[in-house]
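The values are calculated or read from the model by the stated rules, or taken from the named source; none is laboratory data. In this text, all values refer to a predicted model and were calculated from it rather than measured experimentally. Ideal geometry is used to build each Cβ from the backbone, glycine not excepted, and the neighbour counts take in all protein chains shown.
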Amino acid sequence: MPDLTLSMSVDPNWDMLVPLIEGKVKPDGINLEYQYHHGIFYTQLKFNRFDVAEMSFSSFLMARAKGWPFKALPVFVNRQFAWTTLVVRKAAGIESPSDLRGKRVGTGDYQQTAAVWARGALQHEFGLRPDEMDWYMERTPRFSHGGAIGGFNPPPGLRFHYAEKPFDKMLLGGELDAAHYQHGGQQVIRSDVDLFHHSDCKLLFDDRKAEGIRFFKKHGVFPPHHLIVVRESLLEQHPWIATSLMDAFELAKKRWMGPIYDRLSSNNRTLSVLVFGRDDLEEQRKIFGDDPFPYGIRANAKAIDMMQTFEVEQGLTARKQPLEELFPEEILIAEEKIGD
């Protein structure tokens, strides 16, 4: 029987996916035709364009609740402590999370995963509810994740606005008090200015790393942001592709992580290009374990439940969806194996 050909689009910036993208790892019985597409979430949500695709965790839950014909693999390719990347305007007088009460906060898309995790952490860790802030969204009503799945309706009681100008201009002009960025300065919002290092701005958390470690030690959760979705009709016709893809994603991750730890355990000097590279990697391993990016439902059960809790609390989904509605049956069966 010839291999089944599936189209796939994922972000090539995630190193753990590169072996699959380059064809160095191949799913058993599957030929993956890779295509990078900028704006993959909007395109996939609206047009169902690819058989296998990277997707926002939050937007997947919302779309799936509306009957979107894709299920998810518990392959979480991007994780962040999103609330630690909030940039605040120094003149706004924000010294701690509680100081955001009554302030104007910008985020690229209100329903995006980073924003959901940030609001959830602000509420549960610091007692600050979403309805205690004014929210400004950069994406337009139609060109947004919500727009792609039939429209976004702000939760009742939320002080919500669509931005009419770029966030960097609003922030530096005093029209916003805080704006949400991603890890390492990678922008959620469009900006020609590096707000991470602008003299008029600062991070909400002076020590992002310490806050992330504190949260992980408290909850055992490194918040997942993106996962992989597979066309449901293909899963129904060929149920085996779920575990074949899952195994391939797992192998690709091992191919990526293995050499990193090999350098740590040997006297390899590759890490010497980073002044504290070896120390940082040893600390990461001590705190997060050998695999900070675990795949699977069981390994991510607490994170999946926490994300669903935040979605319901923030008025984005009506209920927590059973695992059977979210993940392929063969993945659920595979995790029942004794001894795993």
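Brief remarks follow.
- Test: residue in the range 42-51 that is surrounded by 13 or more Cβ atoms within 10 Å (Cβ to Cβ), without any contact (Cβ under 8 Å) to a residue 40 or more places away in the chain and either over 23 Å from Ser233 (Cα atoms) or in contact with a Leu (Cβ under 9 Å, 6 or more places away or on another chain) (or both): no
- Filter result for Phe152 (surrounded by 20 or more Cβ atoms within 10 Å (Cβ to Cβ) and under 17 Å from Thr317 (Cβ atoms)): yes
- Residues being touching a strand residue (DSSP E or B) at 6+ places or on another chain (Cβ under 9 Å) and among the small types (Gly, Ala, Ser) - total across the range 116-132: 1
- Scope the range 99-138; condition closer than 18 Å to Pro156 by Cα and of a type in the set (Ser, Thr, Tyr); matching residues: Tyr110, Tyr136
- Taking the range 295-340 as the range and being in a loop (DSSP other than H, G, I, E, B) and buried (at least 19 other Cβ atoms within 10 Å of the Cβ) as the test, the residues that pass are Tyr295, Gln314, Leu316, Thr317, Phe327, Pro328.
A quick yes/no check of all residues on (1) in a strand (DSSP E or B); (2) crowded, with 16+ Cβ neighbours inside 10 Å; (3) touching a Leu at 6+ places or on another chain (Cβ under 8 Å); (4) at pLDDT 90 or above:
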residue	(1), (2), (3), (4)
Tyr136	yes, yes, yes, yes
Arg142	no, no, no, yes
Gly147	no, yes, no, yes
Gly174	no, no, no, yes
Arg190	no, no, no, no
Lys209	no, no, no, yes
Phe215	no, yes, no, yes
His226	yes, yes, no, yes
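- Once the range 99-117 is narrowed to residues that are over 20 Å from Ala318 (Cβ atoms) and among the aliphatic types (A, V, I, L, M), the residue that is surrounded by the most Cβ atoms within 10 Å (Cβ to Cβ) is Ala114.
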